[in-house]
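Take a look at the structure set out below.
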Amino acid sequence: MSASQLNINILDNLKTAIVVVRPDLSVNYINTAAEALLEISGRRVIGEAIDSLFTELDPSDNGLLHAMRSYSTFTKREAKLQLNNRSLITVDCVVTPTYEQDQVSALIVELQPLDLVLRINREEALLAAQENAHTLVKGMAHEIKNPLGGLRGAAQLLAKQLPNNELQDYTTIIIDEADRLSNLVDRMLGSNALPNLQAINIHEILEHVKQLIDAETNQQITLLRDYDPSTPDITGDKEQLIQAVLNVARNAMQALQRQAITPAEPQPDPELQADQKPQPQIIFKTRVLRQFTIGSHRHRLVCHVEIIDNGPGIEEPLLSRIFLPMVSGQASGTGLGLSLAQNIINQHKGLIECHSRAGETLFSLYIPITQSRNSNNNNKDYA
């Protein structure tokens, strides 16, 4: 084996994506890792310009392509690249020129993918924040409930000593408000009952939630299905999972209802007045993910449920805190629904993520599939 062939074999077995570029910025070599990362065929891109492989989003003055054109050493962290198929990747990139006889002979471009690392870090931070918030709420709940019990008991004793019913109205208010606060604390803590684990068809849960949303909205919101009928059964508590999915779906429903009553901006063209707002809709989507990592744990199979609405979206400051208790985007909200949903999915070793922009909010529920290989998949065909 020649030295050049040995070098190629070594490069092809590296996990780091390597692209070797000629001085005219055409591709001279691309290793296997780079083919997989950039989702291209190496044979087809040899000789093509490097800027035909990807586009750097928001390039700075020292952008990747600019550095290659100037034949300078360059390092950029968390560069965002758009591939030919319109997908986005985040990479650390290093450009290193090589020289022969004091002239640049080639540029070595190293691309280290970061999407998985960033997602794992984001998920671990989300899980840690959820656990810390739950621990804080649990401690506060005990501190609140103890004096509430004493306050309620004292009000009951006082009511027996009052001479007339008119004064008892005040003690009744004290008792009712103490009960309301106690119920709020119980909702923040969630259920203390042990989960009733069983094999569950995720589509049965989604269909049940769909019927509830249909009834609550009087069918004013279009509910669409995009199910993968091959999704295996998951193991979980059916009632708890219904509550979690319902809380997420209600959040989408309420966002669409708020959008419906918000006055739309006037359109210059009168013919567009009837189409100022899109028809509100929620999509329930299921897929199966293989070898998927949730937090720091890798699972062979994961049930991926997406709940997508075409509402106004969630603003960035709120989006980063949306799963924390007492955080709500509506004036009348308690900020408990999504926090409880996240807590329930966490108890099932899963996670909920949210991505949002104007016109689309997507909640992703990831639930590990832990069924045995020999178990039957009794999925139904939902029309």
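The values are calculated or read from the model by the stated rules, or taken from the named source; none is laboratory data. Please read all numbers here as calculations on a predicted model, not as lab measurements. Here the Cβ is made from the backbone with ideal geometry for all residues, glycine too, and neighbour counts use every protein chain on show.
When Glu123, Glu177, Glu166, Glu143 are checked against the criterion of being in a helix (DSSP H, G or I), out of contact with any helix residue (DSSP H, G or I) (no Cβ under 8 Å at 6 or more places or on another chain) and either at pLDDT below 70 or under 18 Å from Ser339 (Cβ atoms) (or both), a single residue qualifies: Glu123. Please work out if Leu223 is at pLDDT 90 or above and touching a Leu at 6+ places or on another chain (Cβ under 9 Å). Criteria not met by Leu223. The number of residues in the stretch 126-173 being surrounded by 12 or more Cβ atoms within 10 Å (Cβ to Cβ), of a type in the set (Gly, Ala, Ser) and under 37 Å from the mean Cα position of the chain (by Cα) comes to 3. The sole residue among Val117, Val109, Val104, Val94 that is at pLDDT below 85 and part of a strand (DSSP E or B) is Val104.
Whether a residue is in a helix (DSSP H, G or I) and over 41 Å from the mean Cα position of the chain (by Cα) was assessed, and Asp186 does not pass this test. Candidates are the residues of the stretch 241-295 that are β-branched (Val, Ile, Thr) and more than 24 Å from the chain's Cα centre (by Cα); the one that is modelled with the highest pLDDT is Ile261.
Restricting Leu301, Leu362 to residues that are in contact with a strand residue (DSSP E or B) (Cβ under 8 Å, 6 or more places away or on another chain), modelled with pLDDT of 90 or more, farther than 24 Å from Leu223 by Cβ and not aromatic (Phe, Trp, Tyr) narrows the list to Leu301.
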